[in-house]
Amino acid sequence: MTHSEGLKVLAQVHIIQILGDDRHPTTIWSNRSDMMSTPTHRESQPGDFDAVKKSIIELLKQPEYDDGSAGPVIVRLAWHSAGTYDAETDTGGSSGAGMRYEAEGGDPANAGLQHARLFLEPVKRRHPWITYADLWTLAGVTAIQAMGGPEIPWLPGRTDYVDDSKLPPRGRLPDGALGADHVRAVFYRMGFNDREIVALCGAHNLGRCHTANSGFEGKWVNNPTRFSNQYYRLLVSEEWKEKKLESGIVQFAAVDPITEDELMMLPTDMALVRDAEFSKWVKLYAKDKDVFFEDFKNAFFKLMELGIERDENGTIVNTDNEKGGYLSAPKKSEKLGKPGKVQSQGQVGEEAAPLAKQNEKFRARAKL
């Protein structure tokens, strides 16, 4: 048994069965301001990840948010928190919860993720012993399963940065406007192969794009809150036509003949079917959902563990980021809504103004 396989076995200990769809949350928020009130649940004991997971499940239904669910944006938060990893320098990854700082949270690639962080803040208040880094990653795997996806192993122990000195530089996350070479460069940097790349792109079964965040607009699949292999089936079955948005950005569109929904794909999505090596995995996943689920499970577990070293007992051993244990740095603004957007700066409303100066300092420090 390899070390990676051993960690997956250890992770099974921390998997908690998802509650049935008929469970009703005991805390109900009637609007977004109510959502920020302190939950009435009793605090859990440190290490009670069952309780944390239940709290996450209870908040996934959000009638006033995209498609009535916080699940997709929470998955994106987990994905992006880990997707900064660079294997050569062993920097970035899922530990640290760096998006609480402007240098990472203000990356244009992370625009919109303040909503996910806000949705999870009541869970952090209810279970203050869990780090943000553990909360975000646990929330990601929990949301995937709750939306019909595979049960993904998860291991705890991540710590939170207490300052921004170890944040990764910007520009490490995928750019949806580019092609196969870019996709490979990003994922190879993290240590993934072509099969794992195509599997992880299956996260586009969930959620939608917003012009205000990425410049793109629309959803990939008919039901963006249900995890499936429809993303791949649509890639190979539909006739995707280039569509230029008013902003000048190019995406691809197709109309579902049954639902008459207009669906979209990014240039990076189209690269998966136009590249011969990527395409064979797209076709496999389009035919066999079980194979896709298994591959996605393994690849997402690997993604959540990037930048983490564990011993044979599953304990994290690279704890150089742990300055004072489970201390948490200041969180970002709790204001939610749709304020004005400064697209080039990647932040919303009042956060945009100071970002440029802070980012200049960050870039200068990164060059040292």
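FYI, it's all coordinate maths here, none of it is from the lab. Note that the coordinates shown come from a computational prediction; the quantities given were computed from them, not determined experimentally. Note that each Cβ is placed from the backbone with ideal geometry, even for glycine, and that neighbours are counted across all protein chains shown.
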From the cross-link list 53/244; 53/243; 54/241; 166/244; 219/287; 243/283, the entries with a Cα-Cα span beyond 31 Å are 53/244; 53/243; 54/241; 166/244
Quick shape check on the stretch 180-296: root eigenvalues a ≥ b ≥ c of the Cα gyration tensor, a/c under 1.5 is rounded, otherwise prolate if a/b tops b/c, else oblate, and it reads oblate
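Work out, step by step, the length gained on full extension between residue 89 and residue 244: first 0.36 nm times the residue separation, then minus their alpha carbon distance; give nm to one decimal.
52.0 nm
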Pseudo-spin-label distance residue 181 to residue 43, built 7 Å along Cα→Cβ, given in nm, is 5.4
Packing-ranked peptide list from 79-88, 250-259, highest mean Cβ count within 10 angstrom first, is 79-88, 250-259
